[in-house]
Every structure is written in structure tokens, then in C-alpha cells.
Amino acid sequence: MSTELDGFEHAYARVNGVRLHYVIGGSGDPLVLLPGWPRTWWQYRKVMPALAEHFRVIVCEYRGMGDSEKPEAGYGKANMAQDIYELVRHLGYDQVNIAGEDVGSWIAYFFAATHPESTWRLAMWDPGAPDPVLASLSALPASAETNAWHFGFNQLDNLPEQLLADRYHILMDWLAEEFAVDPEAIDRESRAIYARAYDSPEAIRAVAGWYRTLSQDIQEAAHHPKLSMPVLVPGGKFLELSRASNEHRATDIRFVEIPGAGHYLSEERPEQLSRELITFFSGNG
């Protein structure tokens, strides 16, 4: 799924037993960006050029995503964070800034929690840390905005592959229309890119790996002490969910509302998100 972006190059590295694809560009302190489901590195295309004026931007498709390897196991978020840590060391960095959305936010949290000495600053959103509040979300909610049916669906054996293989565009369109305030911000070309990335049974099984391990991730996260590095949690219409998941996770945490955004901050409100990230990560000293 190698879509080109001026000023950035595609690269691969084998770390922690898995081959990862990442896109890298810009100069300055390293900033790792982790995407969310059901998207790829391409979700950050609108913010990467602005961030690259200030940072060495590294957007990683983690284990199971896009052009990265999709092994049978290893999808606990602490292990996936170890993948990212070893990639960071492979690139020659001892410390980085890191940000993640959705599944990427779970991994970013575990990166900071398990390697605090390597984390300058952390940004995570929608939802951020794996927290028991996620387990309380209902598949029969009072509001469509808290409908978490996909948490259970993505864990099922075989059925998602049978329903979604070569049809992922149907789900991608539904999610964009349901969880975005501005669905047109996720254009048709991008939706097709994302759908192709998940159309294979192998990719769909990898998604199952991310979600089947979530209960264990929640239990493990509960045992970590509060993070001591600065933490930023931006958000649109789901900011209160992120607040509930993260307000007790760090000693220095800031929540920022981005008006007019749904779940897809980097595509719906890229200028506002870029400004918040640049301001926040430029303060690492």
C-alpha cells in the first residue's frame, strides 16, 4: 500500500521478530506517529508535511497493518510497543516523541509506560490508554456515538474474513459516515486505499489479533504507575471518552478540544491537530 508523499520515503526494518513498514521524512527531534483502525500510515498525509518542518517524522504501520508483516501472534499492545521501541533503536534514537490514534493510541501508551526513559512526550487520542471504560461500552447503546459493536465483531473467529474479504469498502464507508463529523474529509481515494489494505483474510485476522488482546491490555495497563512525561489528549466529539480513559493515567496531562472533528482528527481537522502537536512536542527541551 505504498502511496507516495513528497519529502517522505518508504522503508522497512525487521525488529522484534517482525518486518515493519514505515514512512520517514523531515528533520529535527524524532516524532513517531501510529495510525488507527481501519486505516494506514496514509491517515497522517495531511499533517505530515507541517510536522516535518519541525521534526523527523516516522509514521509506522505496526504489526498487522498495511505493508507490515502480519504474523499469527504477538498482538498484545506491550509487545507491539516493543516492536516500535526496537524500530526506534534501529533508527539510532534513544528518545522520541510519540503519538497515536485509536489502536495506535493503545500502543503509544504502552510505549511510554514500558519505556518512559525513551519517551520525551506522548500524545494519544480516541481513546488513548486501554482502560476499563472501553469494556463498559455497549453494543446496544442509547446513543450511536457510543456504539462499540466492532469491538466484539473484530474478535470473532472466521466470520469477519468471510463477510469482509474483498468487501472492506462497505465497512470503511459505514465507519467514515458514522464516526466522522465531516465524512467528506475522508475522500473516496483514501477510503479505497484503506479498504485495499484490509481486504485480505490475513489482514482481517491481524485486526482480530489487535482486538482479542484488548482485555489483557486493559488488565496490564492497570498495573502501570502514572506516566511522568507530559501527555496531550486532543479530541473532537469523543473527547469525553478519551478524558475518562486517561485523566488518571499521568501526572502532567492536558485535554484539548478540536471543534468540528469526529473520530478522524488527522483527516477531518489536520490544521488544528498539526498546530496542537507542533506546540506540544516543541516543548520537549
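Listed values, structure above:
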read-out	value
Among (1) modelled with pLDDT under 95; (2) in a helix (DSSP H, G or I); (3) more than 22 Å from residue 65 (Cβ to Cβ) - the single one residue 150 does not satisfy	(3)
Of all residues making up the stretch 228-257, the number that are among the polar types (S, T, N, Q) and surrounded by 19 or more Cβ atoms within 10 Å (Cβ to Cβ)	3
Residue count, the stretch 258-283 (criterion: of a type outside the set (A, V, I, L, M, F, W, C) and buried (at least 16 other Cβ atoms within 10 Å of the Cβ))	11
Residues that are assigned to a loop (DSSP other than H, G, I, E, B) and free of Cβ contacts under 8 Å to residues at least 40 places away in the same chain, drawn from the stretch 232-268	247, 248, 251, 252, 258, 259
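The values are calculated or read from the model by the stated rules, or taken from the named source; none is laboratory data. Remember, it's a predicted structure, so these values are computed and weren't measured experimentally. Neighbour counts run over all protein chains shown; Cβ positions are idealised from the backbone, glycine included.
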